[in-house]
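The block underneath contains the structure these notes are about, expressed in structure tokens.
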């Protein structure tokens, strides 16, 4: 849950990038006379497209460049100069960064390629060293630069930087691939999206896309941030940025790529980044203010829906069409995308019937039929009825196709002045055939989508994002359980099952009862403190995978069987690993119930998380698991259990038992507390299996904890 | 498999619709002077947009209509008149159809609404009766009509029929929703798709969309059929049409809606159709020449990819970009859509390296880097290398963005004269910025897609459709096993487990051994012909669900336990249903192994099919099942088993056994033979559970067959 993020992933104050984005002066190192060259484009862009600061070309041997006085050394450039834009061969870059440090230039943007992305990790490491020493904060290398349309800062090269007419708007684009990023911007612009910023972060040797996003979250006039992401080294930072986005109500529309095995390989060779597991990104996107997309149209649709500045209170859609077919299509798509169809009140249905007459279908989807298709007033009356209905959160209206479409559009605009619910339009014909109506609606911020799939995508994004904001408002911080002191042994090691279970027990997690049985005491065993059948397991820190070592016997129903099993597992274990330190065996009661796996991992990049799933094939083959970052409360744990596809097993599947899940949820939440409270030492934790019984009682039958 | 369809779903010869599509004369009953009215639009369309046949307005009390001689009775219209277009109030339609019959007019298109779709099933039934008696073949009612752009036949009303400039092309649209269908056509046309026909079938009281599709499959110049489908009453017909489409190599691009519970409800209220289960449609689409889509863009992308007239030999994609980011995105999308990335040969990589220099990434996706982005010749050389590579089946090329894009496009066109592999372009910038290149490529039939998602969608459709054609070519008819005579009792009934298993046994399917034990023989039982543990079950035709009736005891390990269990289940069964005829009990050996469910259903609409899945939760909750129409062979059965998500359980999951699956596949195929050979009597069949053991041996532990 979002409410738990802030304290967990708290990090350093982000760098102040004001002067990077709005510099008073910019030096271009490697400036060129030719405005088509990489070193020449920014000279042209910064002098001809309205930038108000100073521009200082640097290139020894030139008195002037493109009409400006040129300097032979970055250190000669007049102050204030806030940014050095570097377009030099890669091997010359480190020296120039050092010179920027000497000249107290706080920022540099390195356009040059030829670093880690081409196998020159050595040169990139050298650059990193120089950056650290110099104190200069660097964007790149291997990037296309930074475009700030608010201040006409054209600090880069490529098609985006050569276009002074890019449509202005409240959307900022941060991309880890400059070339691809601009093609996305160009496409989105052609669909009507306006931009405030576009910037590419390249190899991210110093400043990262997360630094950029965090700055933009605090930038006035930026309403939406679009982020093309190949990989993030600091997952905690991603989560922190997600929490901040949610707090300030600015959505981050994120396009995460490199998610398949093949994709990952390609991402590595391109950005020289380590790409973490997609599931961890998904979990971070889920908890934070992100909306995930996977194609350029997605981006356009989500942004246009958000720009209406109306968020729904829920996910119940009212659909208004004049074609039954469109209603069926939209209904299918809504269900697929997690939206539900509103049940209209009786009053709405009755009034719609009066309006539409015998040809209309007045249940949702509402089909006014072709008879009303020519009456813009009736059309808007029906829309009003949908918006008035308390069960409708979002209206999807098929556009009015008659000749009076401008009358319809004006009426709809007026209607929206009296309502706060979002209305999304799906085109019944071509937008070009109702240009006037289109314009009226656009001015009102009403998004029109050309296909049913796209209008539903927009509505689904609104509902999901609004749900996040609402949950955040009603949520409260996860109560921290009192810190439990654990006597953890020093050093990296895997704890024995017995010691792992002691830790669970000290967190109030029920574990199977057991009795330690030393080898010397086997013959004398005369009673057990719990009932048969029982389990015998080898007890050794050196044998974490006991089954493989032949160290487990189950279903033992007599003392004689227990004694034989004890001797057998000792023999098997010694044969398996003659050097293993063996404490003896453990006799355990047999746990019963439905089998689950609960695991915690302290991920290097993202921090501690907890996963839950049903045992065996469910988790491992069917991938039916749920994952959240720690810590979280029982409410979230219950949400995780409800997310499992196998969830019907808890609720009386085939006449089976109904499980009381509160205790199970509490255990999962306790594991998350354990993972966060001991994040400094606990690397991984597996409770496998954990049994739950219909009465709600829970019992951990095995556990493995590894320390770092 | 497609090869098995033809003989299974063979039906009557489809009606000859030549004169419906290309009539020599058309009467318009209810013709109007006003060209905006439903009865006026076709008079205008048929007289002003190039139709060469005769047009006969019918409306008593008018001497002329829109300048044409008008008739007061359809029976007075001169011959030849092949089609009567009817635009009258609903209740007048049946009489006019009868009059058409008297006048020997073979076809009528009923535009009028007011039948089953508005609750007047009585009127629709009356219409059906008149149709049967008259011999007239009828399209509609409640439809927008038929548009044949080859012969300029504008037999309908609505926006599509008022537009004489609709782009001509080889695509025919058949839709069950006229209004929605035209909006799709208009959108697709605006994206460059050209049409030959557009027709709506409305309530389908007589002629169906399948009749239309089958006619179009046999129509010259129609290359692709697009079908918007809400529901089909005759599933076998759908399958037959799918087989025919595959045989003649014309893909049917199908948009099936009304698939969710909510969607189904809406579909019923709209088309007054019974919508069968979506899974049955999916299986029909899978076996036949269909390509399924779910949005308007899908349609455009699939059609444009197909119109290149190049089909790949496999699904291995070679990607060429000048942006690493685009390569990563395309790679992700290919994997998601079931395409694989080609492993380039060493020679291709070496030659690419020579071409691209140190900045290029020469493994797939190939990134020529921004350095080669300005060199159209090098760009095409690289494309040639991809096409020459024997491991590449399809090339996806990011468009050349430099100023010489027309040079690139011309070079690529020439290149394609020497290659047969499909090439799909993904736009790097806006199409409008390279209009000349765009035009050159379009003339060559090379499809250009604006986003990565859409180009990959197009490639995936090509690969999947080409795969179907290839399988069809290499496939052979399913060998029919010799017909097995079953002594089935007469009448609709559910057979007892024992009798059901006898039927399995007569089909060579192994069943658990068992011994019948009459109540009178319980006390005397002294030995069993198989080992303990055993199962005792009640034996009664009247108790199909034995567990519910307390009629099953498992895990019995002694004769005493068997006797007690026998008495217990008899008592329980009598308490459960005092009227049930009880034969006694059955003692069975205990089957072991991995538990599966194999079921067969003789669907009323689609015919007999067989489903297989793992037992319990896998099939019922996780919906992890595979379905094919009967009959099929062991090869297809193996394909079904491999499709299961739980398939890793067969192949040594967690050190578990590896299962020999040949016998299991044979059993599944035998079930399909049983279902088809006895389709006249067997309604349903459940083998649940069916056990398979690692050595491949298979045993049915329970079976239920119901007869019709």
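Computed from the coordinates by the stated procedures, all read-outs in this text should not be read as laboratory data. As the structure is a prediction and not an experimental result, all values here were calculated from the model. Positions of Cβ are generated from backbone atoms using ideal geometry, with glycine treated the same way; all protein chains shown enter the neighbour counts.
Worth a mention:
- Seen from every direction in turn and averaged, the convex hull around the alpha carbons of the protein assembly as shown projects onto 60.3 nm².
- Distant alpha-carbon pairs in the range A:594-707 (separation over 21 angstrom), percent: 31
- Calculated FRET efficiency for the pair residue B:150/residue B:347, C-beta based, R₀ 35 Å, to 0.05: 0.10
- Equivalent ellipsoid, the range A:13-152 (semi-axes from 5 times Cα gyration tensor eigenvalues, Å): 22, 17, 15
- Distances, shortest first, from the label point of residue A:527 to those at the same position in the other copies read 4.7 nm; the point lies 7 Å along Cα to C-beta.
- 15 Å cut-off, amide nitrogen to a point 7 angstrom out along residue B:486 Cα→Cβ, residues in the range B:663-691: B:668-688
- Chain A's nearest residue to the axis relating it to B, judged by Cβ and reported with the distance in whole Å, is A:622, 3.
- Relative packing of B:408-419, A:35-46, B:517-528, A:461-472, which averages over residues the other C-beta atoms within 10 Å, highest first: A:35-46, A:461-472, B:408-419, B:517-528
- Antiparallel DSSP beta bridges within the range A:311-474, percent to nearest 5: 5
- Peptides B:314-325, A:593-604 ranked from most to least packed by the mean count of surrounding Cβ atoms within 10 Å: B:314-325, A:593-604.
- Averaging Cα coordinates gives a centre for the range A:389-410 and one for the range B:108-175; these two points are 28 Å apart.
- Rh by Kirkwood over Cα pairs, then Stokes-Einstein D for the range A:311-370 at 1.567 mPa s and 4 °C, µm²/s: 109
- Degrees, to the nearest 10: A:662-677 long Cα axis against longest axis of chain A: 70
- Mean residue ellipticity (222 nm) of the protein assembly as shown, computed from DSSP H runs ≥ 4 via -39,500 (n - 2.57), nearest 500: -10500 deg cm²/dmol
- Label point 7 Å beyond Cα of residue A:48 along Cβ direction - residues of the range A:145-160 with amide nitrogen under 17 Å: A:152-160
- Peptide B:330-342 is shielded by partner chain Cβ atoms: per residue, an average of 4 of them sit within 10 Å of its Cβ.
- Each copy carries a label point for residue A:656 at 7 Å from Cα toward Cβ; from one copy, the others' points are 1.5 nm away, ordered from shortest.
- Taking the DSSP bridge list for the protein assembly as shown and keeping only pairs wholly inside it, about 50 percent are antiparallel.
- Ranked by the mean number of other Cβ atoms within 10 Å per residue, highest first, peptides B:692-698, B:583-589 order as B:583-589, B:692-698.
- Volume of the convex hull of the range B:539-650 (Cα atoms only), normalised per residue: 150 Å³.
- Pairwise inverse Cα distances across the range A:398-526, averaged and inverted, put the Kirkwood hydrodynamic radius at 21.4 Å.
- Per residue of peptide A:178-188, the mean number of Cβ atoms on other chains within 10 Å of the residue Cβ is 6.
- Relative contact order (%) - criterion: Cα under 8 Å, at least six apart; region: the range B:517-585: 44
- Dividing the Cα radius of gyration of the range B:517-585 by 2.2 N^0.38 Å, with N the residue count, gives 1.05.
- Cβ neighbours within 10 Å from other chains - mean over B:432-438: 1
- Kirkwood hydrodynamic radius of the range A:647-708, Cα pairs, Å: 13.0
- Rounded tilt (10° steps) of A:497-506 against the dominant C-alpha axis of chain A: 70
- Relative contact order (%) - criterion: Cα under 8 Å, at least six apart; region: the range A:72-159: 28
- 25 °C / 0.890 mPa s Stokes-Einstein diffusion coefficient of the range B:165-307, Kirkwood radius on C-alpha pairs, µm²/s: 164
- Over all projection directions, the Cα-based convex hull of the range B:461-600 averages an area of 13.1 nm².
- Distances from residue B:132 to itself in the other copies, using label points 7 Å out along the Cα-Cβ axis, amount to 9.0 nm in increasing order.
- DSSP beta bridges in chain B [antiparallel fraction, %, rounded to 5]: 50
- Rounded to 10°, Cα long-axis angle of helix B:376-388 versus longest principal axis of chain B: 30
- The P(r) of the range A:311-474 has a tail past 27 Å containing 16 percent of all C-alpha pairs.
- With contacts taken as Cα pairs under 8 Å at a separation of at least 6 residues, chain B carries a relative contact order of 9 percent.
- Compactness of chain A, expressed as Rg and Dmax over alpha-carbon positions, Å: 31.4, 100
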